[in-house]
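Structure first, then comments.
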Amino acid sequence: MAKTPSNMIPLGYKAPDFDLLNPTLEKHQSLDELKSSLATVIMFICNHCPFVIHINKKLADVAKTYQSKGISFIGINSNDYEQYPDDSPEKMIIQSEKCGYPFPYLLDKTQEVAKAYQAACTPDFYVFDKDLKCVYRGQFDDSRPGSNVAVTGKDLTNALDAILENKAVVEEQYPSMGCNIKWKKS
């Protein structure tokens, strides 16, 4: 597992639009239909990455808590599933059910969405405000597999709490760290 950090897009970056397949629902869903009028969390995740597996339970809990407060969560898998069959659409459905994801888990088959967001790793987190401007990008928290640091989601939840309290999100943000996105070979 190669540790890869986030690219850390500029704050204020406008969320690129997308229309991706939701394998669970067998239909396409767009950013426009899934976004929240409060804030939208877009996460690049996958099924097999140890960094994602490490946070999955807490991630599902955080999403449930903040969705009930009006914040939207969207998971996107951009890995090349032909090279990495554990990330296939069929296995995405299994993963979503197994982990209790309360959010849509979409397939970025062409990898164009990951490129538009400058995503580099799994997990990679982005929070966009009501105007779809980036106010947070970076890590879920300080925990990593084998670090003996509890998974709390504090970095992400601190950003979401600031939005809910109409406060500015702190600008000191730390890159996520995870497995690199499995890019298709040209």
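The values are calculated or read from the model by the stated rules, or taken from the named source; none is laboratory data. Values in this document were obtained by computation on a predicted structure and should not be read as measured data. Cβ: placed from backbone, ideal geometry, glycine included. Neighbour counts: every protein chain shown.
How many of the residues in segment 3-46 are aliphatic (A, V, I, L, M), modelled with pLDDT under 95 and assigned to a strand (DSSP E or B)?
0
Of the conditions (1) within 22 Å of Gly100 (Cβ to Cβ); (2) small (Gly, Ala, Ser); (3) in contact with a Lys or Arg (Cβ under 7 Å, 6 or more places away or on another chain), Ser6 satisfies every one except a single condition; which number is it?
(1)
Filter segment 127-175 down to the residues that are out of contact with any helix residue (DSSP H, G or I) (no Cβ under 8 Å at 6 or more places or on another chain) and among the small types (Gly, Ala, Ser), then identify the one that is surrounded by the fewest Cβ atoms within 10 Å (Cβ to Cβ).
Here the residue is Gly146.
Scan segment 41-61 and give yes if some residue there is within 21 Å of Thr157 (Cβ to Cβ), in contact with a strand residue (DSSP E or B) (Cβ under 6 Å, 6 or more places away or on another chain) and aromatic (Phe, Trp, Tyr), otherwise no.
yes
Might you let me know whether segment 161-174 holds any residue that is more than 17 Å from Ala39 (Cβ to Cβ), in contact (Cβ under 8 Å) with a residue 40 or more places away in the chain, not in a helix (DSSP H, G or I) and not aliphatic (A, V, I, L, M)? Let's see the steps before the verdict.
So in segment 161-174, the residues more than 17 Å from Ala39 (Cβ to Cβ) come out as 172, 174.
Keeping just the survivors that are in contact (Cβ under 8 Å) with a residue 40 or more places away in the chain gives none.
No, every residue in segment 161-174 fails to be more than 17 Å from Ala39 (Cβ to Cβ), in contact (Cβ under 8 Å) with a residue 40 or more places away in the chain, not in a helix (DSSP H, G or I) and not aliphatic (A, V, I, L, M).
What residue, of Lys69, Lys57, is of a type outside the set (Asp, Glu), at pLDDT 95 or above, surrounded by fewer than 15 Cβ atoms within 10 Å (Cβ to Cβ) and part of a helix (DSSP H, G or I)?
Values: Lys69 fails: part of a helix (DSSP H, G or I).
Checking each option against the conditions leaves just Lys57.
Is there a residue in segment 136-144 that is farther than 27 Å from Ser88 by Cα and assigned to a strand (DSSP E or B)?
yes
Could you please give the count of residues in segment 82-108 that are part of a strand (DSSP E or B) and surrounded by fewer than 20 Cβ atoms within 10 Å (Cβ to Cβ)?
Number satisfying all stated conditions: 0.
When segment 20-47 is examined, which residues are found to be closer than 21 Å to Asp87 by Cβ and either free of Cβ contacts under 8 Å to residues at least 40 places away in the same chain or surrounded by fewer than 18 Cβ atoms within 10 Å (Cβ to Cβ) (or both)?
Passing the criteria: Leu21, Thr24, Leu25, Glu26, Lys27, His28, Gln29.
So which pairs qualify, if the first residue must be in segment 140-155 and without any contact (Cβ under 8 Å) to a residue 12 or more places away in the chain, the second must be part of a loop (DSSP other than H, G, I, E, B), the Cβ gap must be under 7 Å, and the two must be at least 6 apart or on different chains?
Between residues of segment 140-155 that are without any contact (Cβ under 8 Å) to a residue 12 or more places away in the chain and residues that are part of a loop (DSSP other than H, G, I, E, B), the close pairs are Val149/Asp142; Val149/Ser143; Ala150/Ser143.
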